[in-house]
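The values are calculated or read from the model by the stated rules, or taken from the named source; none is laboratory data. Remember, it's a predicted structure, so these values are computed and weren't measured experimentally. When we count neighbours, we look across all protein chains shown, and the Cβ atoms used for this are built from the backbone with ideal geometry, even at glycine. Remember, those area values only see protein heavy atoms, side chains included, never the ligands or the DNA or RNA. Shrake-Rupley method; radii C 1.70, N 1.55, O 1.52, S 1.80 Å.
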Amino acid sequence: MKPKSVLLTATLLIIFLSTLMLPVTALADGIIIPDPPICDPAPCPPVPIPMDQLVIRYHHVTVTINEQLAVTHVDQVFYNPNDWTIEGTYIFPIPDDAVVSNFILWVDGKPVEGQVLDATQARQTYEQIVASMRDPALLEYVGRGAVQARIFPIAPQGERRIELEYTQALPAEGGLVSYLYPLNTEKFSVQPIESVTINVDVHSSVPIRAVYSPSHEVGISRESDNHVTVGYEASNVLPDTDFTLYYSLGESQAFHLLSYRDPSDPSDPDGFFMVMLAPGINAVDRVIPKDLLLVLDRSGSMEGEKFQQVQQATRYILSHLNADDRFNIISFSTGVTSYARGLSPASEADQALSWLNTLNASGSTDINRALLDAAAMVDGERPTYLIFLTDGLPTEGVMDSPSILANFTASAPKNLRLFTFGVGYDVDTFLLDSLSQDNHGKSSYVQPGMSLDEILSAFYNGISTPVLTNLDLAFKGVSIYDLYPSPLPDLFSGSQVILLGRYHEGGKADVSLTGELNGEKLTFIFEGQMLDQKSPVNSIQASIPRLWATRKVGYLLNEIRLQGANQEIIDQIVKLSIRFGIVTPYTSYLVTEQAPLGVAEQERLAEDTFNTLKAMPTQAPSGQAAVQSAVDAGAMQGAASAPSLPEEATSSVRVLGARTYVLSDGTWIDTAFDPDQMKPTPVEFLSPEYFDLVATYPELGDAFSLGDKVIALSGGSAYEVIPGDNAAQSVNPSPTPSGQDDPTPTPNVIKQPTKTPPEVPPGKSSGLCGAALFPFLFMPFLVVFARRSKHSS
């Protein structure tokens with residue numbers, strides 16, 4: 001044997017012995033046991049070698065929807081960082097409600113044959129892989145179909161571009177169309193993806209009304225009444241949530257009701273609902289004339305770029321007034337000056353701009369006087385929007401914030417909507433938030449480095465054309481409660497209102513939407529609306545509960561900021577945080593506490609938190625910390641999608657649909673599990689009973705996918721997955737459908753019956769991707785490595 005071969009063999013033996021003594025801490029969570037590499041001149045000894053997983057360079061999705069027919073094109077590049085060639089197969093889970101009418105796969109521009117598996121065939125494939133790999137991650141997709149095919153070899157340090165395209169007809173219920181793309185990669189890749197993008201192009205012969213994604217923060221561009229584009233992009237991320245998009249069709253007022261209820265939930269059987277409102281296609285023809293009051297701080301601290309940006313934004317706003325609008329500009333410093341004594345017609349915008357150019361920043365800050373002068377100009381017969389902008393604390397006249405609030409409350413008519421803008425950190429966040437909250441408005445904060453003129457101009461675009469004011473929503477037949485936002489904001493052209501709330505038992509309801517249009521009261525009736533009494537398994541509406549909880553927690557956090565903490569508020573925040581996986585500055589329990597967190601533990605945590613807050617000094621209303629707290633609470637109150645978990649929580653918390661699981665002593669435990677009230681039924685990992693449970697209760701697939709030690713709930717019962725020694729042989733390989741060749745060769749795995757597979761860190765699934773026996777899953781592509789060699793074959 002040549003010295004080079006001796007050295008290589010010795011090195012491999014050292015690696016092998018090391019793996020017997022120590023857990024592997026490389027990118028993979030476990031040991032890889034592929035075919036042995038080809039060594040020159042002799043074959044290498046058959047020993048397990050740690051192996052880096054494939055790297056996903058990018059994940060780009062382009063969706064074209066024409067008349068509810070969606071063509072989804074997926075474009076990914078995989079990189080092989082290893083010193084050997086890899087080849088295998090992939091599996092792509094099909095969305096629950098999708099029927100694939102056309103499936104095309106390209107590998108580096110060449111077509112590759114694939115096979116479409118129905119839900120039964122896919123489940124058999126998933127279970128076979130789970131049993132052989134001793135890794136349950138694929139159980140999340142039980143109930144979904146799949147497509148699978150071979151991939152060509154990927155050379156060492158080489159790339160392989162894979163493009164997948166499929167067509168599906170999208171369902172529409174009551175004019176609401178839904179689209180879902182399986183983007184959950186969190187459990188299947190330990191390295192962030194460099195670039196993730198989703199672009200959706202929607203065309204319809206029927207006007208498109210509301211467009212909304214509850215899963216991701218998206219940009220929406222309305223090209224016309226019949227054409228909308230939606231975009232999402234992120235860098236260096238591990239997506240953990242499937243992408244969901246809703247859009248509604250029709251000429252009339254858009255009203256869509258979505259609901260979710262799990263009556264077997266032991267912690268709370270009540271349901272959750274979401275209402276989407278958008279103006280009808282003809283609403284813009286009946287635009288409501290509005291009055292606009294611009295109250296601008298021009299004290300000395302605004303001098304320079306800040307005041308120049310305020311002037312620039314004001315120019316934009318005045319040039320975009322509607323023909324029947326009226327306006328006035330009020331500037332304040334030591335004193336208060338106005339463009340006019342009262343409201344002026346939109347036709348005077350040019351004169352007002354000339355007056356604006358004469359202003360300069362100097363003097364102190366008399367907030368009280370400016371607000372009272374503005375309130376005195378309000379016409380009680382027309383909707384009035386007051387934009388109040390300041391960069392400082394009151395330093396002139398009445399300087400006590402409670403007195404300023406009381407004075408303005410006594411003077412402000414009910415038809416006034418007040419929107420505050422705090423510039424910089426030297427602002428009274430308690431004053432600004434209270435002003436907007438008490439007057440049906442919203443607070444915005446322009447922190448250093450942000451473009452004030454762009455923010456102010458964009459805000460005005462959203463409120464420029466009101467079409468229905470003083471909204472009220474009533475349900476007949478079903479009892480609802482806990483609505484956010486409350487009261488409802490006005491409805492503007494080109495915008496939409498997303499309302500979330502709770503209900504009791506569900507059933508049919510007649511819903512009435514009441515609003516005012518030019519002083520006339522209008523009522524829209526939506527009959528026979530259904531609120532789920534029991535939602536389907538793996539419903540895409542399962543994201544609604546956490547989004548509702550996010551908004552409520554934001555509201556409660558704001559209450560603490562403005563009114564101080566009390567035991568009742570803290571109790572609610574603790575319960576919501578634990579149940580829905582919402583980490584806040586006051587609730588790190590999900591990360592720091594040992595589960596299960598039953599009723600008794602939650603009460604203890606709430607009491608401890610309240611006592612801690614009482615002992616803390618009162619938070620200052622101004623400064624960077626105060627502004628950031630206001631921004632965070634405001635973002636939660638108006639959240640369009642539930643927030644991702646913070647990085648520090650991702651290793652110990654998982655949110656799956658409407659459920660939250662916390663890792664405790666190596667076991668993933670549903671936070672709704674109460675050990676004082678429930679006794680879990682033990683189920684051996686990978687036993688026949690284990691797979692039977694998943695087949696009978698598909699919702700358990702999500703929970704069981706977390707690992708081999710789990711406590712999960714279904715149908716009001718608790719099940720505890722416990723490790724088993726011989727369970728890997730309990731599931732038979734998936735049969736090949738009659739008349740078809742098996743497109744997925746069985747991987748050539750080196751078996752070592754006397755050696756137990758390497759231990760996975762407590763509570764963690766081996767992750768499939770670079771884990772267990774070999775890495776094979778990159779969502780949405782399941783890469784099963786069948787062979788590695790020095791050269792492609």
Exercise for the section: Please determine, by comparing only the residues of region 215-261 that are open to solvent by less than 40 Å² (accessible area, probe 1.4 Å) and among the charged types (D, E, K, R), which one is farthest from the chain's Cα centre (by Cα). Expected result: Arg261
Handout entry: Any hit, region 556-571, residues being part of a loop (DSSP other than H, G, I, E, B) and either open to solvent by less than 20 Å² (accessible area, probe 1.4 Å) or of a type in the set (A, V, I, L, M) (or both)
Key = yes
Practice task
Given the conditions (1) in a helix (DSSP H, G or I); (2) over 21 Å from Gly554 (Cβ atoms), report the number of the one that Trp668 does not fulfil.
Solution key: (1)
Handout entry: Residue, modelled with the lowest pLDDT, within region 123-146, restricted to residues that are assigned to a helix (DSSP H, G or I) and within 24 Å of Tyr79 (Cβ to Cβ)
Key = Met133
Practice task
Run down Val631, Val627, Val553 and say which single residue is aliphatic (A, V, I, L, M), open to solvent by 20 Å² or more (accessible area, probe 1.4 Å) and either part of a helix (DSSP H, G or I) or farther than 30 Å from Val423 by Cα (or both).
Solution key: Val631
Handout entry: Residue satisfying all of: in region 84-111; modelled with pLDDT of 80 or more and part of a loop (DSSP other than H, G, I, E, B); least open to solvent (accessible area, probe 1.4 Å) among these
Key = Ile94
Completion exercise
Taking region 644-671 and keeping only residues that are open to solvent by 10 Å² or more (accessible area, probe 1.4 Å), farther than 11 Å from Leu706 by Cβ and among the aliphatic types (A, V, I, L, M), one is left with Leu645, Val655, Ala658
Practice task
Determine which single condition Pro413 fails, assuming it passes every other condition in (1) touching a residue at least 60 places away in the same chain (Cβ under 8 Å); (2) open to solvent by less than 50 Å² (accessible area, probe 1.4 Å); (3) part of a loop (DSSP other than H, G, I, E, B).
Solution key: (1)
Practice task
Given the conditions (1) in contact with a Lys or Arg (Cβ under 8 Å, 6 or more places away or on another chain); (2) open to solvent by less than 10 Å² (accessible area, probe 1.4 Å); (3) among the small types (Gly, Ala, Ser), report the number of the one that Ser267 does not fulfil.
Solution key: (2)
Exercise for the section: Inspect all residues belonging to region 443-463 and state whether any of them is in a loop (DSSP other than H, G, I, E, B) and closer than 26 Å to Leu343 by Cα. Expected result: no
Handout entry: Criterion: among the acidic types (Asp, Glu), under 29 Å from the mean Cα position of the chain (by Cα) and at negative phi - qualifying residue of Glu163, Glu159, Glu113
Key = Glu163
Fill in the blank from the handout: Those residues of region 336-371 which are touching a residue at least 40 places away in the same chain (Cβ under 8 Å) and not in a helix (DSSP H, G or I) amount to Leu343, Asn357, Leu359, Asn360, Ala361, Ser362, Gly363, Ser364, Thr365
Practice task
Could you tell me whether Arg546 is among the basic types (Lys, Arg), open to solvent by 20 Å² or more (accessible area, probe 1.4 Å) and in contact (Cβ under 8 Å) with a residue 12 or more places away in the chain?
Solution key: yes
Practice task
Determine, yes or no, whether Leu605 is of a type outside the set (Gly, Ala, Ser), at pLDDT below 90, open to solvent by less than 20 Å² (accessible area, probe 1.4 Å) and in a helix (DSSP H, G or I).
Solution key: yes
Problem - Per-region count, region 616-653, residues under 30 Å from Val497 (Cβ atoms), of a type in the set (Ser, Thr, Tyr) and under 18 Å from the mean Cα position of the chain (by Cα) - result: 2
Practice task
Examine region 19-28 for a residue that is part of a helix (DSSP H, G or I), at pLDDT below 75 and out of contact with any Pro (no Cβ under 7 Å at 6 or more places or on another chain), and state whether such a residue exists.
Solution key: yes
Fill in the blank from the handout: In region 703-749, anything out of contact with any strand residue (DSSP E or B) (no Cβ under 9 Å at 6 or more places or on another chain), small (Gly, Ala, Ser) and either at pLDDT 85 or above or open to solvent by 70 Å² or more (accessible area, probe 1.4 Å) (or both) is listed as Ser714, Ser738, Gly739
Completion exercise
All-but-one check, Asp426 against (1) charged (D, E, K, R); (2) in contact with a Gly (Cβ under 7 Å, 6 or more places away or on another chain); (3) closer than 22 Å to Ile463 by Cβ; (4) in a loop (DSSP other than H, G, I, E, B), failing number (3)
Exercise for the section: Look through Thr384, Thr395, Thr420 and report the one residue that is among the polar types (S, T, N, Q) and without any contact (Cβ under 8 Å) to a residue 60 or more places away in the chain. Expected result: Thr420
Practice task
State whether one or more residues within region 682-702 are surrounded by fewer than 19 Cβ atoms within 10 Å (Cβ to Cβ), of a type in the set (D, E, K, R) and under 24 Å from Asp242 (Cβ atoms).
Solution key: no
Exercise for the section: Among the numbered conditions (1) part of a strand (DSSP E or B); (2) open to solvent by 50 Å² or more (accessible area, probe 1.4 Å); (3) within 30 Å of Asp692 (Cα to Cα), tell me where Thr120 comes up short. Expected result: (1)
Handout entry: Among (1) in contact (Cβ under 8 Å) with a residue 40 or more places away in the chain; (2) more than 40 Å from the chain's Cα centre (by Cα) - the single one Arg315 does not satisfy
Key = (2)
Handout entry: Residue that is farthest from Met274 (Cα to Cα) [pool: residues in region 464-489 that are of a type outside the set (A, V, I, L, M), assigned to a strand (DSSP E or B) and open to solvent by less than 40 Å² (accessible area, probe 1.4 Å)]
Key = Pro466
Completion exercise
Scanning region 497-519 for residues that are part of a loop (DSSP other than H, G, I, E, B) and under 24 Å from Pro383 (Cβ atoms), the one least open to solvent (accessible area, probe 1.4 Å) turns out to be Gly519
Practice task
Tally the residues that are open to solvent by less than 10 Å² (accessible area, probe 1.4 Å) and either outside any helix (DSSP H, G or I) or of a type in the set (D, E, K, R) (or both), restricting the search to region 287-321.
Solution key: 10
Problem - Near pairs, Cβ below 6 angstrom, 6+ apart or cross-chain, from region 248-261 (outside any strand (DSSP E or B)) to any residue that is modelled with pLDDT under 85 and surrounded by fewer than 21 Cβ atoms within 10 Å (Cβ to Cβ) - result: Gly250/Gly175; Glu251/Ile281; Ser252/Gly280; Gln253/Gly280
